[in-house]
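Novice: Before anything else, here's the structure in question.
The values are calculated or read from the model by the stated rules, or taken from the named source; none is laboratory data. Keep in mind the model is a prediction, meaning the values are calculated, not measured. Heads up, the Cβs are rebuilt from the backbone with ideal geometry, glycines too, and the neighbour counts pull from every protein chain shown.
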C-alpha cells in the first residue's frame with residue numbers, strides 16, 4: 001500500500017516511515033500542504049497521513065484541496081492540536097479519521113488497515 005506522510009517535522013516522518021516500512025508499505029513524504037498536493041498527483045497514494053500545522057499550506061486546506069481533486073482520497077489527520085471543533089472541521093473537509101499526537105502505532109496501523 002502506498003502511504004503519503006505529510007508533516008513538517010522530519011523526526012515524525014522518520015518514526016512513522018520506519019513503522020510503515022516494517023509492515024511493507026511504500027512510503028512517500030511531503031513537508032507541507034503545497035508539496036502534498038504535488039506529491040498526491042504524482043503518486044496517487046492509497047492513504048495520506050496529514051499533519052495540520054505546517055508552513056505554506058496547512059493540513060486542513062490541503063485536505064480540502066485533495067478531496068476536491070479526488071473525492072475518494074483516504075486522508076487520516078494526525079495532529080498535536082486539540083483545538084475544539086478541529087476534528088469536526090477535518091472530517092467535514094473529507095478526512096476519514098482524526099488521530100491526536102501522541103498516538104499509539106497500533107491505533108495508526110488499525111486506522112490504515114480499516115481504509116485499505
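Novice: Restricted to segment 51-68, and to residues that are assigned to a loop (DSSP other than H, G, I, E, B) and surrounded by 15 or more Cβ atoms within 10 Å (Cβ to Cβ), which residue is farthest from the chain's Cα centre (by Cα)?
Specialist: Start the filter on segment 51-68 by keeping residues that are assigned to a loop (DSSP other than H, G, I, E, B), which leaves 51-58.
Then drop every residue that is not surrounded by 15 or more Cβ atoms within 10 Å (Cβ to Cβ), which leaves 51-52, 54, 57-58.
Details: 51: 6, 52: 9, 54: 12, 57: 14, 58: 12 Å.
Across segment 51-68, the extreme among qualifying residues is 57.
Novice: For residue 71, only one of the following conditions fails: (1) within 10 Å of the chain's Cα centre (by Cα); (2) part of a loop (DSSP other than H, G, I, E, B); (3) surrounded by fewer than 21 Cβ atoms within 10 Å (Cβ to Cβ). What is its number?
Specialist: That leaves (1) as the condition not met.
Novice: Six or more apart or on different chains, Cβ under 6 Å: which pairs go from a residue in segment 34-45 that's on the phi < 0 side of the Ramachandran plot and at pLDDT below 95 to one that's assigned to a helix (DSSP H, G or I) and surrounded by 18 or more Cβ atoms within 10 Å (Cβ to Cβ)? Could you list them?
Specialist: Every condition considered, no pair remains.
Novice: So, one more: Check segment 65-79 and report whether any residue there is at pLDDT below 95 and closer than 18 Å to residue 103 by Cα.
Specialist: From segment 65-79, those at pLDDT below 95 are 78-79; that's our starting set.
Restricting the remaining residues to those that are closer than 18 Å to residue 103 by Cα gives 78-79.
Within segment 65-79, one or more residues are at pLDDT below 95 and closer than 18 Å to residue 103 by Cα.
Novice: Condition first: touching a strand residue (DSSP E or B) at 6+ places or on another chain (Cβ under 7 Å), part of a strand (DSSP E or B) and within 15 Å of residue 33 (Cβ to Cβ). Can you find one or more residues in segment 79-91 that meet it?
Specialist: Scanning segment 79-91 turns up at least one residue that is touching a strand residue (DSSP E or B) at 6+ places or on another chain (Cβ under 7 Å), part of a strand (DSSP E or B) and within 15 Å of residue 33 (Cβ to Cβ).
Novice: Same structure, new question: Consider segment 18-33. How many of its residues are out of contact with any helix residue (DSSP H, G or I) (no Cβ under 7 Å at 6 or more places or on another chain), crowded, with 18+ Cβ neighbours inside 10 Å and either assigned to a helix (DSSP H, G or I) or free of Cβ contacts under 8 Å to residues at least 40 places away in the same chain (or both)?
Specialist: 3
Novice: Among the numbered conditions (1) assigned to a helix (DSSP H, G or I); (2) buried (at least 20 other Cβ atoms within 10 Å of the Cβ), tell me where residue 5 comes up short.
Specialist: Result: residue 5 passes all but (1).
Novice: Still on this structure, I have one more. Residue by residue through segment 92-110, note down the ones that are in contact with a strand residue (DSSP E or B) (Cβ under 9 Å, 6 or more places away or on another chain), modelled with pLDDT of 95 or more and in a helix (DSSP H, G or I).
Specialist: Passing the criteria: only 93.
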